[in-house]
Amino acid sequence: MTTPALHREDRVARHSVLVGPATSQLKETEVDPPGPGEVLIQVIANGLCASELPTWTRGPVEGVPRTLGHEPVGRVLEVGGGVGPIAIGNLVTGRWTASFTELIVVPAEYAVVVPPGLGYEAGIGEPLGCVVEALRRARVDTGDRVAVVGAGFMGLCLLQLLATSPIGELVAIDVRADAKCAALAYGASSARDPEDMDQMTDAFDVVFEVSGTQGGLDLATALTRSGGTLDIVGYHQGTRTVDLQAWNWKALDVVNGHVRDQRQLTDSIRRGLDIAAGGRIDYASLFTHRYPLSDIDQAYADLRAKPDGFVKALIVMNEQ
């Protein structure tokens, strides 16, 4: 059953457009009504993902402006035909691209209703779903010694999830002092510098590489014991080299922690939000810096510079 259509003036939305290297502009566009199986969302906020930092820095390809963003949360304004349990007013989330906008039409099957009691910060589901999916693939066992290489946003989220599981030692590794302090606060048994790990070679049953760097990938390989699991969660853009001899000789189970199947990610988002709603992780506190849509370039600049205490930027479209 479709809902009454909004007036045309209610469909005009601002969106942030990348028009040049590290340069964005706000523009207005009239958004189409949702079709069958779709919902119209008023976007409240977006997480700012480090994976888009190179694109923002470089600027649009061949000068063609584009809208970034894929970590939104918002409220349902209108429902198209054939949509199931989602209703007007629901707070929903999912992976929807080009989401730095006030209004967006998305497939209802990829919209996850945020559990009651969670604010919109804790309802930003895409990055949480990615971490949950990476953990689901790792097959962590009771009493395992686990290391997390990289204690940025994704690493800290993963540490919280691991801290609630029946593993043994949980070690966080990062070069930044504030990241190590945060890792301890979120459940790590210890937090160390990469250079302090020389004596820990082959020491961990499961190692999550969450740095997205060549050095982090090399360290994670060295730390994983023979027959252990190396789970690559970091987003690697550009060419990397791997020590295939070590992977082969140590008989590692190398897991690609990334998910590209939209249905699978949607399921992991739902699972992650249920964990947050149960109070077992403090997901919302990882969003440490807030910016209006008009200040998105400053948000990217801070993401690149990472001032002390910076974990994750939140781009707020419509505070509710």
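The values are calculated or read from the model by the stated rules, or taken from the named source; none is laboratory data. Keep in mind it's a predicted model, so treat the numbers as computed, not measured. Virtual Cβ from ideal backbone geometry, glycine too; neighbours counted across all protein chains shown. All accessible areas refer to the heavy atoms of the entire protein, side chains included, with ligands and DNA or RNA removed. Shrake-Rupley method; radii C 1.70, N 1.55, O 1.52, S 1.80 Å.
Using the Karplus curve 6.51 cos²θ - 1.76 cosθ + 1.60 with θ = phi - 60°, what ³J(HN,Hα) values do you get for each residue of the stretch 23-39, in whole Hz, with x for Gly and Pro?
9, 10, 9, 8, 10, 10, 9, 7, 8, 5, x, x, x, x, x, 10, 9
Under the Karplus relation 6.51 cos²θ - 1.76 cosθ + 1.60, θ = phi - 60°, what is the ordered set of whole-Hz ³J(HN,Hα) values for the stretch 52-58, x standing for Gly and Pro?
8, 4, x, 5, 4, 5, 6
With every protein chain kept in the model, how would you rank VAL12, VAL83 by accessible area, 1.4 Å probe, largest at the top?
Per-residue accessible area, sorted high to low, gives VAL12, VAL83.
Collect residues whose amide H, placed 1.01 Å from N in the peptide plane, falls under 5 Å from the amide H of SER165; neighbours closer than 5 in sequence don't count.
So SER165 has HN proximity to no qualifying residue.
Which residue, GLY187, ALA138, GLY125, has the largest displacement toward the positive end of the dipole of the stretch 118-189 when charges sit on each Cβ (Lys, Arg +1; Asp, Glu -1)?
ALA138
Between THR57, THR213, THR142, which gets the highest mean-square fluctuation from a Gaussian network model of the chain, Cα cutoff 10 Å?
Answer for the Gaussian network model of the chain: THR142.
In terms of modelled amide H atoms, which long-range or inter-chain residues lie less than 5 Å from the amide H of ARG66?
LEU18
Express the carbon and sulfur contribution to the solvent-accessible surface of the stretch 197-292 as a percent, rounded to the nearest whole number, probe 1.4 angstrom.
Percent of accessible area from carbon and sulfur atoms in the stretch 197-292: 47.
Report the gain in length on full extension from ASP198 to GLU109: 0.36 nm times residue separation, minus Cα-Cα distance, nm rounded to one decimal.
Answer, rounded to one decimal: 27.3 nm.
Once the principal axes of the Cα atoms of the stretch 254-320 are found, what is the range along each, listed largest first in whole angstroms?
If we take the Cα atoms of the stretch 254-320, the spans are 33, 32, 24 Å.
Just round it to a whole percent: the fraction of Cα-Cα distances in the stretch 1-149 exceeding 26 Å.
For the stretch 1-149, the fraction of Cα-Cα distances above 26 Å is 36 percent.
Could you report the accessible area of ILE275 in Å², rounded to 10, computed with a 1.4 Å probe on the protein chains as they sit in the structure?
Approximately 40 Å² for this residue.
Sequence-distant or interchain residues sharing an amide H contact under 5 Å with VAL12, placed H: which?
Excluding prolines and chain starts, which carry no amide H, the hits are VAL31.
At 222 nm, what helix-only mean residue ellipticity would the chain give, in deg cm²/dmol to the nearest 500, using -39500 (n - 2.57) for each DSSP H run of four or more?
Estimated from H runs of four or more residues: -7500 deg cm²/dmol.
Determine which aspartates and glutamates satisfy two conditions relative to LYS180: a Cα distance under 15 Å, and not lying fewer than 8 residues away in the same chain.
Within reach: ASP193, GLU195, ASP196, ASP308.
How much length is gained if the chain between ALA177 and VAL254 is pulled fully straight, taking 0.36 nm per residue apart and subtracting their Cα-Cα distance, in nm to one decimal?
24.8 nm
To the nearest 10 square angstrom, how much accessible area does MET154 have with a 1.4 angstrom probe?
50
³J(HN,Hα) across the stretch 181-198 via Karplus (A = 6.51, B = -1.76, C = 1.60, θ = phi - 60°), whole Hz, x for Gly/Pro?
Working through the residues one at a time gives 4, 5, 4, 5, 5, 9, x, 5, 5, 7, 9, 9, 7, x, 5, 8, 9, 4 Hz.
Run the numbers for THR164 and SER190: contour at 0.36 nm per residue of separation, minus the present Cα-Cα distance, in nm.
Between THR164 and SER190, full extension yields an extra 7.8 nm.
With a Cα-only, solvent-free Debye model of the chain, what are the log10 I(q)/I(0) values at q = 0.07, 0.09, 0.10, 0.16 Å⁻¹?
-0.29, -0.48, -0.59, -1.31
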